[in-house]
1. Of all residues in segment 307-340, which are more than 14 Å from Gly291 (Cβ to Cβ) and in a helix (DSSP H, G or I)?
2. Restricting to segment 147-170, give me the number of residues that are touching a Lys or Arg at 6+ places or on another chain (Cβ under 7 Å) and in contact (Cβ under 8 Å) with a residue 60 or more places away in the chain.
3. Can you name the condition, by its number, that Gly344 falls short on among (1) under 31 Å from the mean Cα position of the chain (by Cα); (2) touching a residue at least 24 places away in the same chain (Cβ under 8 Å)?
4. Are there any helices (runs of 4 or more DSSP H) wholly within segment 199-290 with 2 or more residues that are surrounded by fewer than 17 Cβ atoms within 10 Å (Cβ to Cβ) and either of a type outside the set (A, V, I, L, M) or in contact (Cβ under 8 Å) with a residue 40 or more places away in the chain (or both), and if so which?
5. If I go through segment 37-81 residue by residue, how many of them are touching a residue at least 40 places away in the same chain (Cβ under 8 Å) and over 21 Å from Gln116 (Cβ atoms)?
6. Quick one: which of Pro242, Pro248, Pro299, Pro262 is more than 30 Å from Arg161 (Cβ to Cβ), under 24 Å from the mean Cα position of the chain (by Cα) and of a type outside the set (A, V, I, L, M)?
7. Given the conditions (1) over 22 Å from Pro94 (Cα atoms); (2) surrounded by fewer than 19 Cβ atoms within 10 Å (Cβ to Cβ); (3) of a type in the set (A, V, I, L, M), which single one is not true for Met72?
8. Could you grab me the full set of residues in segment 161-182 that are farther than 20 Å from Gly285 by Cβ and either loosely packed, with under 13 Cβ neighbours inside 10 Å or not assigned by TED's automatic domain parsing to the domain that holds Leu231 (or both)?
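The values are calculated or read from the model by the stated rules, or taken from the named source; none is laboratory data. From a predicted model like this one, the values you see are computed outputs, not experimental measurements. Don't worry about glycine lacking a Cβ; one is built from the backbone with ideal geometry, like all the others, and counts go over all protein chains shown.
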Amino acid sequence: MAERLGDPRVREVLALIAPGTPLRDGLERILRGRTGALIVIGTDDTVDSISTGGFELDVEFSATGLRELAKMDGAIIVDEGLTRIVRAAVHLMPDHTIESAESGTRHRTADRVARQTGFPVISVSQSMQIIAAYVGDTRHVLEDAGQILARANQALATLERYKARLDEVTRTLSALEIEDLVTVRDVAIVAQRMEMVTRIAREIEDYVVELGTDGRLLSLQLEELISGVDLERELVVRDYAPATKRGPAPTERLGRIEELGPTELVDVAAVASVLGLGGGEHLDGAVSPRGHRLLARVPRLPDAVIARLIDRFGTLQQLLAASIEDLRDVDGVGELRARSVREGLSRLAESTILERHV
């Protein structure tokens, strides 16, 4: 998988310069004009202190205006909201002691200004015909939308295969839950597949950010593929992770799974350990779900009622064995809801078993 855009600030800046935005239009005009540019997105006392020369503008931001101002030497300073062009033809003199790996004068200045001021800086190279965004210590070179889209489509095809496999192991887990035959391995495999799907989806989300308006169809396809996966991940952890007052919360365990490296993630025993279900020697051990996943599929059943049902019965098997009278005795359930829960669980159990054996 490609490296993700880990810094939220980088994602925000890439959204500002994605295809379809006024800033990207201006940058592409500059590229076509082969003039180069240095653009600081934001201004404060620090920016003022390293700026000399040029002239004040304070005019409305426009792509054509940016292109015309780039014909002059010096940097262009715009406001953070990209609504005004504040100054132009500015000579920037950042702290020369700030280390930079850049060799070209424009890129080195952009790098140092971004590090010193904390504002994003965009550098358009006249000779190399590239656009680079500097955000803090990060440098990101913009790619052609066609190249990004090609990689995004490859990632989407991979996601489709992984999601199909996830659906398969999830259905198997549901059937095993009904039959009370779940092992630690079954749970760990589902959690592993969910994390794999989530990682690929996040990579595609980065592509969507970079593509801007060109990524709308990709965004819709991604949303359709991963709908409900985040909730399902949490429900699996709540169903199987040991429930102790001092133990990690479900969100914390999910965070620990996210921290697993690629090699650790493919190790089912490592995933089981993070879930709190033991190591490799426990993979074939039996475990019982509490019933969160199945109850979440019963229509119009509030979370508070689900919590009380699980507190009362403890495991999915006891829930499946409970009569309408047993369910009715739970606070907040009542006669009608007890029948709805009983019928809903019975239908889910029947359909799940049929799906597995057909």
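1. Ile324, Glu325, Arg328, Gly334, Glu335, Leu336, Arg337, Ala338, Arg339, Ser340
2. Total satisfying the criteria: 1.
3. (1)
4. Answer list for segment 199-290: 216-226, 229-240, 250-258, 262-265.
5. Qualifying residue count, segment 37-81: 5.
6. Testing whether each residue is more than 30 Å from Arg161 (Cβ to Cβ), under 24 Å from the mean Cα position of the chain (by Cα) and of a type outside the set (A, V, I, L, M) leaves just Pro248.
7. Only one criterion is unmet by Met72, namely (1).
8. Hits for segment 161-182 are Arg161, Ala164, Asp167, Glu168.
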